[in-house]
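Peer 1: A single structure is presented below for examination.
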Amino acid sequence: QVQLVESGGGLVQAGGSLRLSCAASGSIFSINAMGWYRQGPGKQREFVAVATGGGSLKYANSVKGRCTISRDNARNTVDLQMNSLKPEDTAVYYCYLSSRTTVYWGQGTQVTVSS
């Protein structure tokens, strides 16, 4: 079984920064991608950023230029540095890990951006 634990969420004023971290543990084999999704109030879960197994970094247009994803393959961790936060970034942020056959999700961490 694989567990993903996120940390780093919280309350921040618009224009501020937060760094989310996610650590994977358990029986992990052949990790492909690690990344982040988010779900705002009353909205569907949406893609935020991913670090692929091949080393590519991809971002949603809504966060491009404001967020940076970084991955440590040795430690099985993925971080998301978020800058210039906006109220519309308010959401529960979910870390995920995909192997060849399965996608695993964390429990989510709340990010609230006040105006």
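Peer 1: Calculate, for the chain, the solvent-accessible area per residue in square angstrom, rolling a 1.4 angstrom probe over the heavy atoms of the protein chains.
Peer 2: Details: 6010 Å² over 115 residues.
Solvent-accessible surface per residue comes out at 52 Å².
Peer 1: Another question, then. Scattering from the C-alpha atoms of the chain alone, worked out with Debye: what is log10 I(q)/I(0) at q = 0.13, 0.18, 0.23, 0.24 1/Å?
Peer 2: Debye intensities relative to I(0), on a log10 scale: -0.44, -0.84, -1.32, -1.42.
Peer 1: Treat each spin label as a single point 7 Å out from the Cα along the C-beta direction, and report the Ser115 to Ser25 distance in nm.
Peer 2: Rounded to a tenth, the inter-label distance reads 4.1 nm.
Peer 1: Could you order Ile31, Ile69 by accessible surface area, starting with the largest, using a probe radius of 1.4 Å?
Peer 2: The ordering from most to least exposed comes out as Ile31, Ile69.
Peer 1: Hey, any idea what % of the chain's accessible area is carbon plus sulfur with a 1.4 Å probe? Let's see the in-between values first.
Peer 2: Values: 2830 of 6010 Å².
Carbon and sulfur atoms account for 47 percent of the accessible area of the chain.
The values are calculated or read from the model by the stated rules, or taken from the named source; none is laboratory data. If you're wondering where the values come from, they're calculated on a predicted model, not measured in any experiment. With ideal geometry, Cβ positions are generated from the backbone for all residues, glycine too; neighbour counts draw on all protein chains shown. Protein only, heavy atoms only, side chains kept; ligands, DNA and RNA dropped before computing areas. Shrake-Rupley method; radii C 1.70, N 1.55, O 1.52, S 1.80 Å.
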